[in-house]
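The values are calculated or read from the model by the stated rules, or taken from the named source; none is laboratory data. The structure displayed is predicted, hence computed values, not measured ones. Heads up, the Cβs are rebuilt from the backbone with ideal geometry, glycines too, and the neighbour counts pull from every protein chain shown. With ligands, DNA and RNA removed, areas are computed over all heavy atoms of the protein, side chains included. Shrake-Rupley method; radii C 1.70, N 1.55, O 1.52, S 1.80 Å.
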Amino acid sequence: VNNCESMPTAAEYRIKSLPSAPFIQGQKDICAYDDALTLTASGTNITWYASDMTTEIATGASYLTTDMTGGRKTYYATQTVEGCEGATTKASYTINSKPDAPVVTGASMCEGQIVVPALATSRADDKWYADQNATTFIGVGSTYTPTTAEVGAGDANGNKTYYVQREIKGCVSDI
């Protein structure tokens, strides 16, 4: 002002380090009939993003997923410290579908017949049970052949029912 200069003043910049990417827990493959996953990230001021890595879907340490359609799911999380958002961490898991119940080829036999025909399915890892609640395990395989004594212990109509369940990728079918 009026050809007078003031004393210079220092202007300093502080370059803040970017925070590390958060650690995410809760990633595991689930079945379509399971409860939705809650993903949890460790860090400060967590922001959750959709699979496109740009659409913000939530903030906070935990995120309750909502999409329960089958297939691979991917989310991302970052943490923000002192106004700086750090790198993303990927959280992914698969929602596996419920297997169809096995198709059983039933068998019948005549009274007094000694050889009991086998019951059959199409997979070698199907599990056979003596009860509808799947509590009495009786075998595993694509076939089950009951003993003559088991078949003879049928109901008043001469029927004996066995149950089979299929498991694929940790997901079980109806019986």
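Okay, here's what the table says:
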quantity	calculated
Within segment 72-84, tally of residues that are closer than 20 Å to Ser97 by Cβ and open to solvent by less than 30 Å² (accessible area, probe 1.4 Å)	1
Verdict on Val116 being surrounded by 13 or more Cβ atoms within 10 Å (Cβ to Cβ) and touching a helix residue (DSSP H, G or I) at 6+ places or on another chain (Cβ under 8 Å)	yes
Residue selected from segment 154-170 under the condition under 24 Å from Ala32 (Cβ atoms) and assigned to a loop (DSSP other than H, G, I, E, B), by the criterion least open to solvent (accessible area, probe 1.4 Å)	Arg166
Residue check, Ile46 under 18 Å from the mean Cα position of the chain (by Cα), more than 26 Å from Glu167 (Cβ to Cβ) and open to solvent by less than 50 Å² (accessible area, probe 1.4 Å)	no
Residue in segment 99-115 that is assigned to a loop (DSSP other than H, G, I, E, B), in contact with a Cys (Cβ under 9 Å, 6 or more places away or on another chain), touching a residue at least 40 places away in the same chain (Cβ under 8 Å) and not hydrophobic (A, V, I, L, M, F, W, C) present	yes
Matching residues, segment 24-37, being open to solvent by 30 Å² or more (accessible area, probe 1.4 Å) and outside any loop (DSSP other than H, G, I, E, B)	Gln25
Failed item in (1) open to solvent by less than 60 Å² (accessible area, probe 1.4 Å); (2) outside any strand (DSSP E or B); (3) of a type in the set (Ser, Thr, Tyr), with Tyr13 passing the rest	(1)
Wholly enclosed strands (runs of 3 or more DSSP E) of segment 38-91 bearing at least 3 residues in contact with a Gly (Cβ under 6 Å, 6 or more places away or on another chain) and modelled with pLDDT of 95 or more	38-42
Among the candidates Ser142, Ser108, residue that is of a type outside the set (D, E, K, R), more than 24 Å from the chain's Cα centre (by Cα), open to solvent by 80 Å² or more (accessible area, probe 1.4 Å) and farther than 30 Å from Ala41 by Cα	Ser108
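Every residue, every condition in (1) at pLDDT below 95; (2) over 22 Å from Asp34 (Cα atoms); (3) among the aromatic types (Phe, Trp, Tyr); (4) in contact with a Gly (Cβ under 6 Å, 6 or more places away or on another chain), yes or no:
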residue	(1), (2), (3), (4)
Cys110	yes, yes, no, no
Pro117	yes, yes, no, no
Lys127	no, no, no, no
Tyr144	yes, yes, yes, no
Gly152	yes, yes, no, no
